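Trainee: I'd like to ask you about the structure that follows.
The values are calculated or read from the model by the stated rules, or taken from the named source; none is laboratory data. Because the structure is a prediction, the values reported are computed rather than measured. Because the Cβ atoms are built from the backbone with ideal geometry, glycine has one as well, and the counts that use them run over all protein chains shown. Please note that ligands, DNA and RNA were not included when accessible areas were found on the heavy atoms of the full protein model with its side chains. Shrake-Rupley method; radii C 1.70, N 1.55, O 1.52, S 1.80 Å.
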Amino acid sequence: MPIKNIVFDLGGVILNLDYGLTTAAFAERFGIADFNSTFSQYKQTNFMDEFETGVKNSLADLSAYLRASFPEELVDASDESIAECWNAMLLDIPQSRINTLRTLRGMGYRVYLLSNINAVHEVGVDRIIERDVDGGLEAWRASFDALFYSHWIGHRKPHVETFLHVVQSIGGLPEETLFLDDSVQHVEGARRAGLHAALVSKPVNAETVDLYAVTMEALGSLHG
């Protein structure tokens, strides 16, 4: 069955990221030396699941969680300063990747975005979109047939139901849908849901990712 739908991840695929910058920001601004290890644990906690699925959906929720984790270092920290450090990992969106999305739509593919994203990161991403994407948020949204942010839809990767939710929402079939992500776990989750999926490798310089070439290679492997 031919591919009709292409679903992209956001961070590490369209948006360049550097997780180390958030760790460095908390260390420099608040003297938190072990934020990286705590953040890695945090990603596995119930809070992260709630934060990325919209059960908890505000900067105040994030600040309360981090202040509880670092009560001495963050006792006087403002919500705004916490958000600045939290969003330090968000880098840029090359216009060439937006052009790729539009090219794919011009080729007849339906193009979608599926991202594990929380409300605080969404604010940061929106600022980057306004800065980097020609035409800003309006042009960004017009580059996709639909956007699926985890804290909007109440589902997050790599759960099978997340991918099924997307496929059902777009009126498609798993076997006619290709998913591209830079996380092995998310690719495996998509495959368990019956989608075709390809791993986007992370080069040393994230800006060297050629999204068009990566997508064409993934499509070619399905037809080859």
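Trainee: Of everything in the stretch 173-221, what is at pLDDT below 95 and of a type in the set (Asp, Glu)? Give them in sequence order.
Mentor: Passing the criteria: Asp182, Glu207, Asp210, Glu217.
Trainee: Would you mention how many residues in the stretch 161-178 are under 22 Å from Ala218 (Cβ atoms), of a type in the set (D, E, K, R) and open to solvent by 40 Å² or more (accessible area, probe 1.4 Å)?
Mentor: Residues that pass the stated criteria total 1.
Trainee: Consider only pairs whose beta carbons are under 9 Å apart and that are at least six residues apart or on different chains; among these, list those whose first residue lies in the stretch 18-30 and is in a helix (DSSP H, G or I) and whose second residue is open to solvent by less than 40 Å² (accessible area, probe 1.4 Å) and not hydrophobic (A, V, I, L, M, F, W, C).
Mentor: Thr22/Asn87; Ala25/Asn87; Arg29/Ser81; Phe30/Ser81
Each row is one residue, and each column tells you yes or no for (1) within 21 Å of Met216 (Cα to Cα); (2) of a type outside the set (A, V, I, L, M, F, W, C).
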| residue | (1), (2) |
| --- | --- |
| Gly106 | yes, yes |
| Arg131 | no, yes |
| Leu147 | no, no |
| Ile153 | no, no |
| His159 | no, yes |
| Arg191 | yes, yes |
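Trainee: As an exercise: evaluate Arg191 against (1) touching a strand residue (DSSP E or B) at 6+ places or on another chain (Cβ under 7 Å); (2) of a type in the set (Lys, Arg); (3) open to solvent by less than 60 Å² (accessible area, probe 1.4 Å) and give the number of the one condition it does not meet.
Mentor: Of the numbered conditions (1) touching a strand residue (DSSP E or B) at 6+ places or on another chain (Cβ under 7 Å); (2) of a type in the set (Lys, Arg); (3) open to solvent by less than 60 Å² (accessible area, probe 1.4 Å), the odd one out for Arg191 is (3).
Trainee: Conditions first: (1) under 19 Å from Thr103 (Cα atoms); (2) loosely packed, with under 15 Cβ neighbours inside 10 Å; (3) of a type in the set (A, V, I, L, M). Leu222 passes all but one, so which condition is the exception?
Mentor: (1)
Trainee: Report, ordered by the first and then the second residue, all pairs with beta carbons closer than 6 Å, sequence separation of six or more or different chains, a first member in the stretch 71-89 that is more than 23 Å from Glu122 (Cα to Cα), and a second member that is assigned to a loop (DSSP other than H, G, I, E, B).
Mentor: Glu73/Gly31; Glu73/Ile32
Trainee: Looking for whichever is touching a helix residue (DSSP H, G or I) at 6+ places or on another chain (Cβ under 7 Å) and modelled with pLDDT of 95 or more here; the options are Ser150, Ser169. Which one fits?
Mentor: Answer to the selection: Ser150.
Trainee: Could you please give the count of residues in the stretch 66-92 that are part of a helix (DSSP H, G or I), open to solvent by 50 Å² or more (accessible area, probe 1.4 Å) and within 19 Å of Ala119 (Cα to Cα)?
Mentor: Going through the stretch 66-92 one residue at a time, the tally reaches 3.
Trainee: So which of Val111, Val55, Val7 ends up being open to solvent by 40 Å² or more (accessible area, probe 1.4 Å), among the aliphatic types (A, V, I, L, M) and closer than 23 Å to Pro158 by Cβ?
Mentor: Exactly one of Val111, Val55, Val7 is open to solvent by 40 Å² or more (accessible area, probe 1.4 Å), among the aliphatic types (A, V, I, L, M) and closer than 23 Å to Pro158 by Cβ, namely Val55.
Trainee: Exactly one condition in (1) part of a helix (DSSP H, G or I); (2) out of contact with any Gly (no Cβ under 7 Å at 6 or more places or on another chain); (3) surrounded by fewer than 18 Cβ atoms within 10 Å (Cβ to Cβ) is not met by Glu130; state its number.
Mentor: Here Glu130 meets the rest and fails (2).
Trainee: Out of Leu137, Leu101, I need the residue that is within 16 Å of Leu10 (Cα to Cα) and buried (at least 20 other Cβ atoms within 10 Å of the Cβ). Which one?
Mentor: After ruling out the rest, the residue left standing is Leu101.
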